[in-house]
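The values are calculated or read from the model by the stated rules, or taken from the named source; none is laboratory data. All values reported here derive from a predicted model rather than from experimental measurement. Reconstructed Cβ throughout: ideal geometry from the backbone, glycine too, with neighbour counts over all protein chains shown. Note: areas computed on protein heavy atoms with side chains; ligands, DNA, RNA excluded. Shrake-Rupley method; radii C 1.70, N 1.55, O 1.52, S 1.80 Å.
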Amino acid sequence: MVSRRAGRLRRSVLGLSALLLALAGGLGAAHADEKDPGEIRFSVTTATPEGPDERRIFDFVAEPGEQIQDQVAVSNHGAGPVTFTMVTNDGIFTPMGKFDIRTSDQEPQDSGGWFEVQPTVDVPAGETVIVPFTITVPENATPGDHPAGIVATVTSASTAAGPGVGVESRVGVRVNLRVPGEVTPSLALTDVKATYEPSWNPFAPGSVRVAYGVTNDGNLRVGAEQQAHVSGPFGIGDTTVDRGTEGVEELIPGTSRSTAFAVAGIWPVGPVTTEVTVTPVPVSTGGAVDVPVEAPFEPVTVTVTTWAIPWVQILLLAAVAVLVIGLRDNRKRKKQRLEALLAKARAEGRAAAGTGDVDQEQGGATAPAPTAPATSSAGSTDRGDTAAGPDAPSSGA
């Protein structure tokens, strides 16, 4: 029987319970913390009528209507006498996967109400008292597993928590009880989700986070062997992960557990298919309950699809495109500016050349041009006139 300190208690307003979580599949023997409350230290173990024995938990197989008689040993390791209250209730599992029982303010709904045990026990300092109990299986009990627990509790005032506040310490032993008959090991998958988580390195693959719930919808306590298969289009990034029973080592009938994990090495190339398979497997406690089960342990599979969109790669391509377009536009603007400067220079050159031509034309119009001999004011004589004969009239008298 594994022991632990009762200092790991829940503190609450007076009337609420402080629970000690069980180790190794059962409510083990434990000791209250030496400093809280009031140096009360105690343990509870399986026992024979002569004293504590080596059993870790109680393992029973009983037919409807059958009675089981056994005993627990309550040991007071403190310095003063203590009166303990004996409590039985249905077995449950904590969110962390540890076995516990319902709190004292909750009525038993199953085998926790099949016990008969004395309500209190007085244990002197340093001594151990054997407490017998009887389990009577109802005539209408259904086949399968009916887990429960038997605990000793003590409530003490706690000055550290303030006035009016108490601490309930409770330590006990797990009880596995199976009723023979048609047993059904069965699991169901619920809330299966797959979420793609990209890598911020655009040249590295991302991962798919897979989350789901596992519910024991049969009547036999089982573990859940889990497998996930993740694949992109055309088998890209095809990956299979075998988890064994990690996170779901044991589920008692009617309980659920949530679990999640990541599958790495998945590239963002579009739709990604995730296939989750859970298979019930027997849970061994090394007791009478570990009998062969002839019913089949059938797997259950759920497939979901999620989109792996390459946002990081898209942003990288967008940044590259913006850079390329910017460089091209910058080169185009430079070319346009250069062509504009060349055009301006050509225009200025033509303008300068045109001004010189106009000046030359204007200067040629005013300069004297070589002509025939000029006529005098008295008259003009041409070559015809000089060639005239003697008979031609003259202008003189």
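Observations
Conditions (1) farther than 30 Å from Thr259 by Cα; (2) touching a Cys at 6+ places or on another chain (Cβ under 6 Å); (3) at pLDDT 90 or above, marked per residue:
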site	(1), (2), (3)
Gly15	yes, no, no
Gly25	no, no, no
Pro37	yes, no, no
Ile40	yes, no, no
His77	yes, no, yes
Ile92	no, no, yes
Ser104	no, no, no
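- Scanning the stretch 180-190 for residues that are open to solvent by less than 50 Å² (accessible area, probe 1.4 Å) and among the small types (Gly, Ala, Ser) turns up Ser186, Ala188.
- When restricted to residues that are open to solvent by 60 Å² or more (accessible area, probe 1.4 Å) and at pLDDT below 95, the stretch 263-277 contains 3.
- For the stretch 214-271, a residue qualifies if it is touching a Ser or Thr at 6+ places or on another chain (Cβ under 7 Å), without any contact (Cβ under 8 Å) to a residue 40 or more places away in the chain and in a strand (DSSP E or B), and exactly one does: Pro271.
- Per the conditions (1) in contact with an Asp or Glu (Cβ under 8 Å, 6 or more places away or on another chain); (2) more than 18 Å from Asn216 (Cα to Cα), the sole criterion not satisfied by Thr103 is (1).
- Exactly one residue out of Pro132, Pro108 is assigned to a loop (DSSP other than H, G, I, E, B), of a type outside the set (A, V, I, L, M, F, W, C) and open to solvent by 20 Å² or more (accessible area, probe 1.4 Å): that is Pro108.
- Residues that are open to solvent by 50 Å² or more (accessible area, probe 1.4 Å) and either more than 45 Å from the chain's Cα centre (by Cα) or free of Cβ contacts under 8 Å to residues at least 12 places away in the same chain (or both), drawn from the stretch 56-67: Glu66, Gln67
- The lone exception for Pro296 - which of (1) over 16 Å from Ala188 (Cβ atoms); (2) open to solvent by 70 Å² or more (accessible area, probe 1.4 Å); (3) within 35 Å of the chain's Cα centre (by Cα) it fails: (1)
- Residue count for the stretch 191-225, restricted to those that are basic (Lys, Arg) and crowded, with 19+ Cβ neighbours inside 10 Å: 1.
- Subset of the stretch 83-105 [over 19 Å from Ala73 (Cα atoms), β-branched (Val, Ile, Thr) and either in contact with a helix residue (DSSP H, G or I) (Cβ under 7 Å, 6 or more places away or on another chain) or open to solvent by less than 40 Å² (accessible area, probe 1.4 Å) (or both)]: Thr94, Thr103
- Flag if Glu116 is exposed (fewer than 13 other Cβ atoms within 10 Å of the Cβ), part of a strand (DSSP E or B), out of contact with any Lys or Arg (no Cβ under 6 Å at 6 or more places or on another chain) and not polar (S, T, N, Q): yes
- From the options Ala79, Ala73, residue that is open to solvent by less than 10 Å² (accessible area, probe 1.4 Å), without any contact (Cβ under 8 Å) to a residue 60 or more places away in the chain and of a type in the set (Gly, Ala, Ser): Ala73
- Listed by first and then second residue, the pairs linking a residue in the stretch 195-213 that is without any contact (Cβ under 8 Å) to a residue 24 or more places away in the chain to a residue that is of a type outside the set (Asp, Glu) and part of a loop (DSSP other than H, G, I, E, B), with Cβ atoms under 9 Å apart and 6 or more places separating them unless they lie on different chains, form an empty list.
- The residue of the stretch 135-162 that is nearest to Phe93 (Cα to Cα), among those that are outside any strand (DSSP E or B) and open to solvent by 60 Å² or more (accessible area, probe 1.4 Å), is Thr142.
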